[in-house]
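Working notes, structure below.
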Amino acid sequence: MEENNNTQNNTENSTQEKKPKRTRKAKNNSVPKIINIRRCIACGAHRPKTEMLAIVRPPRKNGVKCMELKIQDGALPKIGRGTYVCKSVACVLKAKKYKRFERSFTQPMAPGTYEQLEEMARESEQKYEAVRAEIAKLNNNVELFINKLVEEGKFEELDRLGYYQYLASKERAKIKARQAEEARAEMLEFSKKYYAMLERESKKSKNNNSESNSEQNTEQVKE
Ligand SMILES: [Zn+2]
């Protein structure tokens, strides 16, 4: 009975040792995801700061608070305290209407600040629109591209593109079957040739052996 108790204790100890390791790993994995998320001061949405605009207050110099605020793209590294807004005209206008940045920094914004933010947001929206149009065009082309690859039997390329399931279509099965048959026929032909060659070589070696044997015999006879 004592032995049994000991083994139970051992198993308990081992499980206790394992548990904290797992939690530590999970924490480490979750850290980098949180770091770059910021909240929009207008709509309250949480986004990666690279997708936002910021107004930044540089750090204090000799204990004096800097009153000059900088407008900055969220993708750039910032030094100082930043307040973020989405790269959207609607969010910038909302922030302007409710004076969100003034409240955040408890000071008036320099004239033209909101206008500049609005322009930056509009620019990024236009860029995004262009990217979206490009993606739509690409999506249209992707199907044509896949069909072409299937026709040409470039299955490795398709697998690499992550269209393995697409490749399970009937067309692929047909082509693969055809290719497999061709390959099998080729292999058969090759094996036939190979065995024929092996036979020929074995015959040659036998002949050589018999010749050498006969020579040896003759020598022995001479002796
Ligand atoms: Zn927003």
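Could you list all residues from the stretch 67-80 that are in contact with a Phe, Trp or Tyr (Cβ under 8 Å, 6 or more places away or on another chain) and either within 16 Å of the ligand (Cβ to nearest atom) or among the basic types (Lys, Arg) (or both)?
GLY74
Give PHE145, PHE190, PHE155 a once-over and let me know the one that is among the aromatic types (Phe, Trp, Tyr), at pLDDT 70 or above, over 30 Å from CYS40 (Cβ atoms) and over 39 Å from the mean Cα position of the chain (by Cα).
Working: PHE145 fails: over 39 Å from the mean Cα position of the chain (by Cα); PHE155 fails: over 39 Å from the mean Cα position of the chain (by Cα).
Going through PHE145, PHE190, PHE155 in turn, just one is among the aromatic types (Phe, Trp, Tyr), at pLDDT 70 or above, over 30 Å from CYS40 (Cβ atoms) and over 39 Å from the mean Cα position of the chain (by Cα): PHE190.
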Legend entry - Every residue from the stretch 93-107 that is within 16 Å of the ligand (Cβ to nearest atom) and either surrounded by fewer than 16 Cβ atoms within 10 Å (Cβ to Cβ) or among the hydroxyl-bearing types (Ser, Thr, Tyr) (or both): LEU93, LYS97, TYR98, LYS99, ARG103, SER104
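Listed residues ALA110, ALA90, ALA121; which is of a type in the set (A, V, I, L, M) and more than 16 Å from the ligand (Cβ to nearest atom)? So that I can check it myself, show each step before the final result.
On the way: ALA90 fails: more than 16 Å from the ligand (Cβ to nearest atom); ALA121 fails: more than 16 Å from the ligand (Cβ to nearest atom).
Among ALA110, ALA90, ALA121, only ALA110 is of a type in the set (A, V, I, L, M) and more than 16 Å from the ligand (Cβ to nearest atom).
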Inset, instruction - Consider GLU129 carefully, then state whether it is under 26 Å from the mean Cα position of the chain (by Cα) and modelled with pLDDT of 80 or more. - result: yes
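If you go through the stretch 40-66 one residue at a time, how many are in a loop (DSSP other than H, G, I, E, B) and either more than 16 Å from the ligand (Cβ to nearest atom) or touching a Pro at 6+ places or on another chain (Cβ under 7 Å) (or both)? Steps first, please.
Taking the stretch 40-66 first, the residues in a loop (DSSP other than H, G, I, E, B) are 41-45, 58-60, 62-63, 65-66.
Narrowing further to those that are either more than 16 Å from the ligand (Cβ to nearest atom) or touching a Pro at 6+ places or on another chain (Cβ under 7 Å) (or both): 58-60, 62-63, 65-66.
Residues flagged as in a loop (DSSP other than H, G, I, E, B) and either more than 16 Å from the ligand (Cβ to nearest atom) or touching a Pro at 6+ places or on another chain (Cβ under 7 Å) (or both) within the stretch 40-66 amount to 7.
The values are calculated or read from the model by the stated rules, or taken from the named source; none is laboratory data. Keep in mind it's a predicted model, so treat the numbers as computed, not measured. FYI the Cβ positions are ideal-geometry reconstructions off the backbone, even for glycines, and counts take in every protein chain you see.
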